[in-house]
Amino acid sequence: MAMISKTLVFTYIYLLIYIILSSGVILYNKWVLSPKYFNFPFPITLTMIHMAFSGIVSFFLVRVFKVVSPVKMTFEIYATCVIPISAFFAASLWFGNTAYLYISVAFIQMLKALMPVATFIMAVLCGTDKARCDVFLNMLVVSVGVVVSSYGEIHFNVVGTVYQVTGIFAEALRLVLTQVLLQKKGLTLNPITSLYYIAPCSFVFLFVPWYLLEKPGMEVSQIQFNFWIFFSNALCALALNFSIFLVIGRTGAVTIRVAGVLKDWILIALSTVIFPESTITGMNIIGYAIALCGVVMYNYLKVRDVRASSQLPEAAPERMVKVCS
């Protein structure tokens, strides 16, 4: 009994750390990028700082201090798995961070309710999931909720919304590709080794849009570069990456989804306090509540599917045929 309670306590501590770090990174990024606050309107540069820092720290942990061993990485696995995953990881961070320049943190969190919709669409397109009526209806509920929430947004901005939604779909594709490509090769990456391989590659992918879009602007504008602000910002982003893997390892993907919903509510409330221009309307809340109903039902269906699949090996052969047909 004492052991169970101890395990539960640690699980809740990890979840709390994840919620604090995730909320902190989002609010910190918004503060750094916002023209009204720190005024560093270069989201690709900020993302590259994160990737460079994560890559350097993971290199030292793997190669110098040997905290973890590198996996058996061939050129074929790197070219077919790491490179495409890194490309979509870089894209999701780039588009997601750019959205902060145009729309509020509260509205960004509301748009993130589309994540299950994007993941489901990408999974169906990649052949890892089947198009099902019950899931489709949930996706419809989520989409309607997000549309209602968008309609109620006072400071609605098309450019920012497109950036955020594109970032969500890039992240969904990255998640599906990680599942398809790495599992097919039988490759498992822990948080340190995944950053060791993916962060430097993502940095390279970000260099091209940075050179074309942000480098010319940085040369002409009087930007302020505070080492401690960027160092602490990158450190928070790195800690968040580690905490996500820790939580998934301790609890599972469904629990982190539920924790994510709780985090979104906290963030929406916090952002209106920290950034007064981030106003929320009744229509925002109604739309987000509708979307969350769809997300909760989607998570319930996913849990039910996992339980059903885990019971399959123990099922009778006749029942197996019925389930598969």
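The values are calculated or read from the model by the stated rules, or taken from the named source; none is laboratory data. All values reported here derive from a predicted model rather than from experimental measurement. Positions of Cβ are backbone-derived with ideal geometry, glycine not excepted, and every protein chain shown enters the neighbour counts. The accessibility values were calculated without ligands, DNA or RNA, using every heavy atom of the protein model including side chains. Shrake-Rupley method; radii C 1.70, N 1.55, O 1.52, S 1.80 Å.
Quick notes on this structure:
- Take the convex hull of the alpha carbons in the stretch 1-147; its mean projected area over all directions comes to 13.8 nm².
- DSSP-assigned coil residues among trypsin sites (Lys or Arg not before Pro) in the stretch 1-63, each with at most 14 further Cβ atoms within 10 Å: Lys36
- Between Val124 and Ile286, the C-beta separation translates, for a Förster distance of 25 Å, into a calculated FRET efficiency of about 0.30.
- Split the accessible area of the chain by element, probe 1.4 Å, and carbon with sulfur accounts for 72%.
- Rg/Rg_ref, the stretch 66-197, where Rg_ref = 2.2 N^0.38 Å and atoms are Cα: 1.22
- Ranking Val180, Ile268, Met48 by how far each Cα lies toward the positive end of the dipole of the chain (charges on Cβ) leaves Val180 at the top.
- Normalised Debye scattering of the stretch 92-167 at q = 0.11, 0.18, 0.24 Å⁻¹ gives log10 I(q)/I(0) of -0.30, -0.74, -1.07, counting only Cα atoms as equal scatterers and leaving out solvent.
- Solvent exposure of the chain, expressed per residue, is 52 Å² of accessible area, with all protein chains present and a 1.4 angstrom probe.
- Percent of alpha-carbon pairs separated by more than 39 Å within the chain: 14 percent
- Computed over the chain, the per-residue total of -39500 (n - 2.57) for DSSP H runs of n ≥ 4 gives a 222 nm mean residue ellipticity of -24500 deg cm²/dmol, rounded to 500.
- Two-site FRET efficiency, Tyr300 against Ala52, from Cβ-Cβ distance with R₀ of 41 Å, rounded to 0.05: 0.50
- Taken about its Cα centre, the chain carries a charge dipole of roughly 780 debye when the Cβ of each Lys and Arg holds +1 and the Cβ of each Asp and Glu holds -1.
- Simple point charges give the picture: +1 on the Cβ of Lys and Arg, -1 on the Cβ of Asp and Glu, and for the stretch 100-200 a dipole about the Cα centre of about 320 debye.
- The relative contact order of the chain, computed from alpha carbon pairs under 8 Å that lie at least 6 residues apart in sequence, is 34 percent.
- Extension reserve of the Glu76-Lys215 stretch, reckoned as 0.36 nm per residue once the Cα distance is removed: 46.7 nm
- Violating pairs (Cα-Cα greater than 27 angstrom) within the set Lys130/Lys184; Lys112/Lys185; Lys185/Lys302; Lys30/Lys184; Lys36/Lys263: Lys112/Lys185; Lys30/Lys184
- GNM top mover of Thr74, Thr279, Thr188 - the chain, alpha-carbon springs below 10 Å: Thr74
- The smallest convex shape that holds all Cα atoms of the stretch 1-87, its convex hull, gives 166 Å³ per residue.
- DSSP H segments from the chain that extend 18 Å or more along their own axis, Cα-based, with Kyte-Doolittle mean of 0.5 or above: 2-33, 43-59, 83-99, 133-151, 158-177, 191-209, 227-250, 253-274, 282-311
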